[in-house]
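What follows is a set of notes on a single structure, which appears directly below.
The values are calculated or read from the model by the stated rules, or taken from the named source; none is laboratory data. Just so we're clear, the structure is a prediction, and the values are computed from it rather than from any experiment. No Cβ is skipped: glycine too gets one built from the backbone with ideal geometry, and neighbour counts run over all protein chains shown. What goes into the accessible areas is simple: the full protein's heavy atoms, side chains included, and nothing from ligands, DNA or RNA. Shrake-Rupley method; radii C 1.70, N 1.55, O 1.52, S 1.80 Å.
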Amino acid sequence: HPDVAATLGDDHPDVAKTRNDMGNVYGSQGRYAEALEAYEEALRIRRAKLGDDHPDVAKTRNDMGNVYGSQGRYAEALEAYEE
């Protein structure tokens, strides 16, 4: 199957969804650095294309908070949840 980014462009909202899904998988595997990297990319795209107040931006921030919490990084988790 073709690469989503190659087909739609690097900044398409569907690419952000794929990156967010990848972050979820990495997080569930305990691969937290990779999860956060995927979430950061999803967040960048979603903010640029959808705006800060979009529910998908909140979803990514929530997912990031969960990963921070799993690592005991509670201050960063709270920041992610509150943003």
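V15 fulfils the conditions (1) in contact (Cβ under 8 Å) with a residue 12 or more places away in the chain; (2) open to solvent by 90 Å² or more (accessible area, probe 1.4 Å) except for a single criterion, (2).
Of the candidates G51, G30, the single residue that is surrounded by fewer than 14 Cβ atoms within 10 Å (Cβ to Cβ), within 20 Å of E76 (Cα to Cα), out of contact with any Cys (no Cβ under 9 Å at 6 or more places or on another chain) and modelled with pLDDT of 95 or more is G30.
Pairing each residue of the range 36-48 that is more than 14 Å from D63 (Cβ to Cβ) with any residue that is polar (S, T, N, Q), provided the two are 6+ apart or on different chains, yields no C-beta distance under 7 Å. Yes or no: the range 23-37 includes at least one residue that is under 11 Å from the mean Cα position of the chain (by Cα) and polar (S, T, N, Q). Yes - at least one qualifying residue is present in the range 23-37. Taking the stated definitions as given, is A5 outside any loop (DSSP other than H, G, I, E, B) and modelled with pLDDT under 95? Against the criterion (outside any loop (DSSP other than H, G, I, E, B) and modelled with pLDDT under 95), A5 qualifies.
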